[in-house]
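Everything below concerns the one structure shown next.
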Amino acid sequence: MTDILTRYNSGKLWDFDGGIHPMEMKSQSNSQPISTAVLAPKFYIPVKQHLGTAGNILVKVGDKVLKGQALTQGDGLRALPVHAPTSGVVTDIAPYVAAHPSGLSELAIHIEADGKDQWREQQPMDDFLHQTPEQLIEKIYQAGIAGLGGAVFPTAAKVSSAQNMAKLLIINGAECEPYITCDDRLMRDYAEEIIEGVRILRYILRPEKAVIAIEDNKPEAVSALEHALQGANDIDIRVIPTKYPSGASHQLIQVLTGMEVPQGKRSSSIGVLMQNVGTALAIKRAIINDEPLIERVVTLTGDKIPQKGNQWVRFGTPISFLLQQVGYQQDERLPVYLGGPMMGLALPNLDAPVTKLANCILAPDHFEYAPPPAEQPCIRCSACSDACPVHLMPQQLYWFARAEDHEKSQQYQLMDCIECGVCAYVCPSHIPLIQYFRQEKAKIWDIEEKAKKAEEAKIRFEARQARLEKEEQARKARTERAAAARRAEVAASDGVDPVQAALERLKAKKAQSESTAETHAIVTEKGEVLPDNAEMMAERKARRLARQQQAQQAEAKEIIEDNNTETAKSAVQKTTEKHTAVPQEDNAVDSKKAAVAAALARAKAKKLAQTQTEAEPAPTEQTENSEVADPKKAAVAAAIARAKAKKLAQSQTEAEPAPTEQTESSEAVDPKKAAVAAAIARAKAKKLAQSQTEAEPAPTDQTESSEAVDPKKAAVAAAIARAKAKKLAQQQAQNKTTQN
């Protein structure tokens, strides 16, 4: 660390190997002060505009946003947020063409400007010295600041990693590209703000020295910065020779200190941190003015642009819109470059938006641009190796890149290439070496990314296996401890196993419960154990009686309706038969016979019901010598008997003849009495069924002297009664036919 400060303090300037002196074209655009570009009607803000990962989107379609409002938010210092360049409405969040030679699209937030350009609420800061370095780094991160020199590395992450390590702070104002003048005009027009931003960086990093390095082709910028310092000696200004690519970080460190950054390491490893002058200005505005990074200075140059110069351009502005404002006339034969002629790239689509990377838009005419000549075979002249500022062998890397020999490419330090374009500039065979190297780098990065993901998956798998093994060992340890505790408990209880004793107690309890259940059971002569279902059967009988009572009420209602209907029919029939010429004596005889037959049928039904009722035993307990009756069979037989008795009563009702007209010589039969007699017969049958239901015993034990009810006899008796009633009805029908 002391060595690098000693070298710097010596005031000597060193040189680096290679490099070129291309024709300078800076005078096209550096004669006018920086102006402000016209506000576009629509903006397309890519969610990723830096070297790192994209943040999480905070807005949705239809949201109204204000100028400077955060649109995304990252999880770390490498995931920078992006901000709304103006006030308006989010119209879409979808892929949009990117400023890339591939012409592919990137996810972008589309905003339609409302023309008000209204800022979000701001909180300016007068004195940054009251803030801690960590607080200032957080504000730099929240402002979304990335390196504006071309690398677009997150500034907060870079500054945070160099804390307490940087001994020399270098502010890069070299700007070695032939056409680009944005940094030159910034140093001329905003020198005081740049100095303020450098002092903020000095406060955060606490380096021993801070220097602004400028090429000697920018004397106006040097004068402006010296005037802004006003004689202060806290920041040095060093003027270096003009040589391309002296603006590259490693080459500029070598020019100022004579030391080279070790291969594969950062400049902070030797105590140096470098930032661009545009980045210093953005830091000042973020800390002091509370303005996030939503715009940058862009150089508009080339003979196809009539109004050349530098403009403040909002991020997300379509390049086509910007070119229209400066009088550009598109020509399909001539390309438009994003960046300078050495490191820039041709834009396949001019609708691509301006991002943090865009420092220049170059539109050359026929005098500045010629179609690239046809690529010729390499002649091994070594001109590319002689001009390479990082001591590579481009002619060898060219063959490895074409063969996709990634291992050899890495062995020959392809990743150290700064893509300055010097090798392609000096190649006599017109080989676009820089394009081959960029493609090879992209392939290697893709392979490394896949290998990294595979390694992470492997680490997760191994961690899972270790966790499962640890859990298995813990289970085994718990099992062993439990076994040891059991053995100790057995030993303490004089050899009696406590688990076995508990099992014995459980078995004894189970046996006791089973014996208790058997005391409430019925044991037959054959030794069969039947459960005591008396309570369950009583509940079923109660439910059955309730249903029967409902049925009886409905039937009684029907009987009353039938009586009324039969009375009306008898009156109609009596009126009709007055006008019929039938002998009165025969009708009287038939009516009398029908009444006698009905009375006989009712008497037989009553006698049958009494016989069945007397045959039903009272529910008593069963003795040892009595024969066991099946409760289910008895219940079924009783139900069948009731149904048959009810059906018999209905048959008897149907068999009753209608009352006919009386004759003078015979004994009169009253039709109303006959209807009443039939209703009484039906009621008695119903009552008989009800008495049978109430007399039905619950399935309990029978007494010694009682006999089981025989369902067959009841069925036979009911069948005989139905047959007699049917026969009586047939005889009445024959007599009526004979009389007619």
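Annotation: amide H of Ser35 within the under-5 Å range of Asn310, Gln311, Trp312, sequence separation 5 or more or interchain, hydrogens built in the peptide plane. With protein chains left intact and a 1.4 Å probe, residues in the range 131-187 average 27 Å² of accessible area per residue. Just so you know, the Rg over Rh for the range 142-238 is 0.95, from Cα atoms, with Rh as the Kirkwood radius.
Between Ala483 and Glu469, the simple label model (points 7 Å from Cα in the Cβ direction) yields a spacing of 2.2 nm. When a 1.4 Å probe is rolled over the protein heavy atoms, the share of accessible surface on the range 129-183 that falls to carbon and sulfur comes to 53 percent. Peptides 459-472, 10-23 ranked from most to least packed, by the mean per-residue count of other Cβ atoms within 10 Å: 10-23, 459-472. Among the protein heavy atoms of the range 39-127, carbon and sulfur supply 51% of the accessible surface, probe 1.4 Å, non-protein parts ignored.
Phi angles of the range 121-133 translate, via the Karplus equation with coefficients 6.51, -1.76, 1.60 and θ = phi - 60°, into HN-Hα couplings of 5, 10, 10, x, 10, 7, 9, 6, 5, 7, 9, 7, x Hz per residue; Gly and Pro are given as x. Each other residue within a Cβ distance under 15 Å of Leu350 adds +1 if Lys or Arg and -1 if Asp or Glu, for a net charge of 0.
Backbone amide hydrogens, once placed in the peptide plane, bring His83 within less than 5 Å of Leu71, excluding anything fewer than 5 places away on its chain. Comparing Cα centroids, the range 159-175 and the range 320-370 end up 32 angstrom apart.
Sequentially through the range 39-47, phi angles give Karplus couplings (6.51, -1.76, 1.60; θ = phi - 60°) of 6, 6, x, 9, 10, 10, 9, x, 6 Hz, Gly and Pro residues having no value and appearing as x. Give me the percent of accessible area attributable to carbon and sulfur for the range 258-359, probe 1.4 angstrom. Carbon and sulfur: 43 percent of the exposed surface of the range 258-359. Legend: Rg and Dmax of the range 221-356, from Cα coordinates, 18.6, 53 Å.
For Ile237, the solvent-accessible surface computed with a 1.4 Å probe is close to 40 Å², ligands and nucleic acids excluded. Computed from backbone phi with θ = phi - 60° and the Karplus coefficients 6.51, -1.76 and 1.60, the 3J(HN,Hα) list for the range 5-19 is 5, 4, 5, 5, 5, 5, x, 7, 10, 9, 10, 10, 6, x, x Hz; x is used for glycine and proline. In square angstrom, what is the accessible area per residue of the range 287-389 with a 1.4 angstrom probe? With all protein chains present, the range 287-389 gives 41 Å² per residue. Highest mean first, the peptides 321-328, 433-440 sorted by other C-beta atoms within 10 Å per residue fall in the order 433-440, 321-328.
Remark: relative contact order (the range 142-236) = 32 percent; criterion is Cα-Cα distance under 8 angstrom and separation of 6 or more residues.
Net length available on complete extension from Gln230 to Gln512 is 90.8 nm, with 0.36 nm assigned per residue and the Cα-Cα distance removed. Highest mean first, the peptides 333-342, 34-43 sorted by other C-beta atoms within 10 Å per residue fall in the order 333-342, 34-43. Sorted largest first by accessible area at a 1.4 angstrom probe radius, with every protein chain in place, the residues His406, His391 fall in the order His391, His406. Residues in the range 398-493 average 69 Å² of solvent-accessible surface per residue, probe 1.4 Å, ligands and nucleic acids excluded. Considering only beta bridges that DSSP places wholly inside the range 167-315, some 25 percent are antiparallel. For Ile212, the residues whose modelled amide H falls within less than 5 Å of its own, excluding neighbours fewer than 5 places apart on the same chain, are Ile171, Asp236, Ile237, Arg238.
The values are calculated or read from the model by the stated rules, or taken from the named source; none is laboratory data. Every value quoted in this text rests on a predicted model; they were computed, and no experiment measured them. No Cβ is skipped: glycine too gets one built from the backbone with ideal geometry, and neighbour counts run over all protein chains shown. When the accessible area is computed, the model is the full protein with side chains, heavy atoms only, and any ligands, DNA or RNA have been set aside. Shrake-Rupley method; radii C 1.70, N 1.55, O 1.52, S 1.80 Å.
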